[in-house]
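Just below is one structure, and these are the notes that go with it.
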2 protein chains.
Amino acid sequence: MNEQEHIDKLMLELRRGTITIGVLSQLSSPQYGYSLVTMLNEKGVPVEPGTLYPLLRRLEKQGLLESSWDTNEARPRKYYVLSEMGKAVYEQLCKEWEGIVRSLDDLIHTRKDEENGDD
Amino acid sequence: MNEQEHIDKLMLELRRGTITIGVLSQLSSPQYGYSLVTMLNEKGVPVEPGTLYPLLRRLEKQGLLESSWDTNEARPRKYYVLSEMGKAVYEQLCKEWEGIVRSLDDLIHTRKDEENGDD
DNA sequence: ACATTATAGTGTATGACGCACACTATTGTA
DNA sequence: TACAATAGTGTGCGTCATACACTATAATGT
């Protein structure tokens, strides 16, 4: 396994959960799956259809999203939108996410020197 | 499932991979597992011994870490430190991590209105 | 001095869950 | 006819939390 393969694998894990936040962040107004895949990929959050569709259904089953079919268009589209609980969870999740980012940022820019080292 | 349970579960996923970065970030100089558990928890990256030890062994097997026993102390300690490849991977991973953070930050502070924003 | 408990330190086994990947299926459009 | 739009399923992998096992030392109590 070379460097790039390691990085790819680690990135895979790092992305975990971020897809969910990305999805939730876009569903304050209704959108359908196919458009979400496209948009998220454009915005730098790579996601596969085979990942997104199950995710959407999962989130709906858990009560974070609500869905409705639009059959007026050329092809039927399934629109998802945040439920009340979804909104609340999303708000809170953002705060927690920022906490994680801050902690990790802290570790990365290692401040070993300002430990006020008493040896 | 109430709000808090949802958040806990989502947080669990969000933390994925961040533990690895946290560990790598601390191993430019050698440290042993037990001290890492303590330190990371202090620094806001909660991690269980049962998570860290397998992680360290995994990273060593993959060639990102090197280990050596110190049997001079009261109890034997297994010290880990970044290998050359580990350093390279860590450097690159940090950049990628910042990319993820930036993308997600972008999505969270939804700029729906300024869709025409070409810098 | 001896027994008991706590702590430092490393390790394993199991189960859950989300993700990528490879697929299927339908319908409209060029 | 072939391609794009749109939604879906099934499998395998990897990491995480949890619970547990193990050893040797330090600390405590009697």
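The values are calculated or read from the model by the stated rules, or taken from the named source; none is laboratory data. Quick caveat, the model's predicted, so the values are computed rather than measured. In this analysis, Cβ positions are derived from the backbone assuming ideal geometry, glycine residues included, and neighbour counts consider all displayed protein chains. All accessible areas refer to the heavy atoms of the entire protein, side chains included, with ligands and DNA or RNA removed. Shrake-Rupley method; radii C 1.70, N 1.55, O 1.52, S 1.80 Å.
Here are a few things to note about the model shown:
- Most positive-pole-ward Cα, A:Trp69, A:His109, A:Ile21, against dipole of chain A from beta carbon charges: A:Trp69
- Solvent accessible area, Å² - A:Met1, 1.4 Å probe, full protein context: 110
- Structure remark: mean-square fluctuation, Gaussian network model of chain A, C-alpha springs under 10 Å; the largest value among A:Thr38, A:Thr18, A:Thr71 belongs to A:Thr71.
- Selected from B:Gly44, B:Gly22, B:Gly86 as most flexible by GNM, with chain B as the system and alpha-carbon contacts under 10 Å: B:Gly44
- Note on chain B: GNM, Cα springs under 10 Å; of B:Val89, B:Val23, B:Val101, the largest mean-square fluctuation is that of B:Val101.
- Scalar couplings 3J(HN,Hα) for the range A:96-110, obtained by applying the Karplus form with A = 6.51, B = -1.76, C = 1.60 to θ = phi - 60°, are 4, 4, 4, x, 4, 4, 5, 4, 5, 4, 4, 5, 5, 8, 3 Hz; x denotes Gly and Pro.
- Placing a label point 7 Å from Cα along the Cα-to-Cβ direction at A:Leu12 gives distances to the equivalent points in the other copies of 2.0 nm, listed shortest first.
- Less than 5 angstrom separates the built amide H of A:Tyr32 from those of A:Tyr80, all sequence-distant by 5 or more or on a different chain.
- Across the range A:1-68, the fraction of Cα-Cα pairs farther apart than 15 Å, rounded to a whole number, is 55%.
- Shortest first, A:Glu73 label-point distances to identical copies amount to 5.9 nm, with the label point at 7 Å from Cα along Cα→Cβ.
- Taking every alpha-carbon pair under 8 Å whose residues sit at least 6 apart, the range B:1-66 reaches a relative contact order of 23 percent.
- Integer Hz, Karplus 6.51/-1.76/1.60 couplings in order for the range A:47-61, x for Gly and Pro: 8, 8, x, x, 9, 6, 4, x, 4, 4, 5, 4, 4, 5, 4
- Phi-based couplings in Hz for the range A:30-35 (Karplus 6.51, -1.76, 1.60; Gly and Pro marked x): x, 8, 10, x, 4, 6
- Distance between modelled label sites at A:Glu3 and B:Glu13, nm, 7 Å Cα→Cβ extension: 3.2
- Model label points for B:Glu60 and B:Met39, set 7 angstrom from Cα along the Cα-to-Cβ axis, are 1.7 nm apart.
- Calculated P(r) of the range A:1-116 - Cα pairs past 20 Å, %: 53
- Inter-copy separations for A:Arg102, label at 7 Å along Cα-Cβ, nm, ascending: 2.3
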